[in-house]
1. Given the -39500 (n - 2.57) contribution per DSSP H run of 4+ residues, what per-residue ellipticity at 222 nm results for the chain, rounded to the nearest 500 deg cm²/dmol?
2. Please report the antiparallel percentage of the DSSP beta bridges confined to the chain, to the nearest 5.
3. Between rounded, prolate and oblate, where does segment 120-265 land on the alpha carbon gyration tensor, with a ≥ b ≥ c its root eigenvalues, rounded for a/c under 1.5, else prolate if a/b exceeds b/c?
4. When the Cα centres of segment 1-63 and segment 212-265 are compared, how far apart do they sit, in Å?
5. Once both labels are modelled 7 Å past Cα along the beta-carbon direction, what's the residue 63-residue 25 spacing in nm?
6. Please give the direction-averaged projected area of the C-alpha convex hull for segment 96-151, in square nanometres with one decimal.
7. When a/c is below 1.5 the answer is rounded, else prolate if a/b is larger than b/c, else oblate, so apply that to segment 2-252 with a ≥ b ≥ c taken from the square roots of the Cα gyration tensor eigenvalues.
């Protein structure tokens, strides 16, 4: 599995362009600019469709014409920008595409979907097979029915590589932990946004959550653990990198390419 991180930042990005705090100033000085979190898996599966993602793909030298599936976690605008479906409708040579998302996302998207898009509604606990990938919707500790209810995604690729896409969320519920505890992941990508926003991880809960996943066997010594959905409530990038390294994790930059499974060996 090959994951291109189109963005690794929170809703306002990092640095926040309106902010002069020390964390934002340090990120800007180091040239570490993070857009809204989104990823492109094997060029076929797009995770999150916020305003930043499609243009970030082009800046990174790829387009979205080969995408077969779009997974959206919830309807907050940094994760689902419904005008993107209108923009796609203006393109030539559109191929069939499947949108997988909770009810609130589909309600916003449906008026703008053209006939090439199949919409599949998911709720926590649902399992499906799309474009060669096995996908499990895991309950997120985030938002409510108006935006979701939000889910996370457990994705297994055609080669057996398995990842947990866990943004946005606070501490996982018992029901979520039951679903993710079914064997080890090759990679866990886990929200680390803020100590001030509800239903997100911070520097206290994040390592505790990783430790809990390790106790349940979902994270092992061979699991790559990444912090995503990063914002300026975190310390400056070099300090955050040092903290994460001590926890056996890292905070990849926008544009990073993660090679997992057989491709990484």
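Any read-out appearing in this document is the output of simple, stated calculations on the displayed coordinates, not a laboratory observation. The shown structure was predicted, so the numbers you read here are calculated from the model rather than taken from an experiment. As a convention, Cβ positions derive from the backbone with ideal geometry for all residues, glycine included, and neighbour counts pool all protein chains shown.
1. -6000 deg cm²/dmol
2. Given both bridge residues lie in the chain, the antiparallel proportion sits at roughly 50 percent.
3. Verdict is oblate for segment 120-265.
4. With segment 1-63 and segment 212-265 each reduced to a Cα centre, they are spaced 16 Å.
5. My value for the distance between the label points is 4.3 nm.
6. Averaged projected hull area, Cα only: 3.9 nm².
7. oblate
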